[in-house]
Each structure stands twice: as C-alpha cells, then as structure tokens.
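Derivation of every value follows stated rules applied to the coordinates shown; laboratory data play no part. Owing to the predicted nature of the structure, the values given are computational and were not obtained by experimental measurement. Note that we place each Cβ from the backbone using ideal geometry, even for glycine, and neighbour counts take in every protein chain shown.
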Amino acid sequence: MEQSRRNGVSRRGLIRGGLLAVAASGVAVVGLAGPASAAVVNLGLDRQGAKRIQRWILTMYGYNGAIDGLLGTKSWKAMQRWLATWPSQPSPYRGDIDGIVGPKTIVSLQANLKKFDGYTGALDGIAGPGTKAAFRRKAYRQPPV
C-alpha cells in the first residue's frame, strides 16, 4: 500500500498523472503539470514571508498578482525586474524577464543578499540554506501584510 494517501489520492498517483509539482521550497503545487502551469518557488519562505515580498514588489516593481504567499511566475518576473534595474544592485540580473527562477536569477539575488542581508556564501546560483536564510531576513524586514 502506498504511503502518503489522503482522501483516496496518493502523491505517487498525482505525480504519475502529471498533477503534482513540488517546488524547491517544498510547497506542493497541484495543477496540470507542463508549460501552462506556474511553479511556486518560495525559496524557504513561509506564506507570511512570501506575502511581505509580494507586497513590496507590488508597490515598487510592477507585481500585479494576488498577495497569496505563493511566489509564482508573476512574483518572480517582478523580482527579476528589481534585480535588473535597482541602481545599487551589485550584480544586475541579465536574463529574460520570464519568471523562471534559474541560476541567473539566484546569482543576482545572492549578490543582493550578500550586500544587504548577511548572505556569506558563494554566488553560485544554488539556493541553499544560506541563500534561503538571507531571503527570509529580507522578507521579514518588509512591513507585515
């Protein structure tokens, strides 16, 4: 018998059916998997922390999505605009504004976190524990939602 069965639906069955994606943050996103679905990448933030980031990018960088605590494509497009255009950004984002949280986005975020939020790791494009902790510090410096 499969583990993690709730309401007659197993995690394995959802994955096989293409209905479950698990983001880097560990947040499970249920929906149609594939190009049309939006991945949620909270980089270790809880929903309250992600809401603080969304509220901040709403006012500053053209975020026009819901303040729901789920950092999806719209949230990350606004974050990429911020990382590309903020005058004091130590390593500006140079990729497409596509909302994909890839190595270029992470390196630029790490550079900002290093300068302003106590990140001490390498600018390696990997969102490890140090990156996530510094991102949490940045989120909780923002006003509550």
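Residue separation times 0.36 nm, minus the C-alpha to C-alpha distance between T85 and I100: what's the value?
Extra length available between T85 and I100 comes to 3.7 nm.
Label point of I67 set 7 angstrom out along Cα-Cβ; within region 43-57, amide nitrogens under 11 Å from it belong to 51-57. For region 96-145, the residue among Y140, L109, I126 whose Cα projects farthest onto the positive side of the dipole built from Cβ charges is Y140.
When you count, for each residue, the other Cβ atoms within 10 Å and take the mean per peptide, how do 59-70, 77-88, 107-118 rank with the highest first?
Top to bottom by mean Cβ count within 10 Å: 107-118, 77-88, 59-70.
Going by amide H atoms built from the backbone, whose H comes under 5 Å of the H on G69, apart from near neighbours? Those lying under 5 Å, H to H, from G69 are K51. Length, then width, then depth: along the principal axes, the Cα atoms of region 47-141 run 33, 27, 22 Å.
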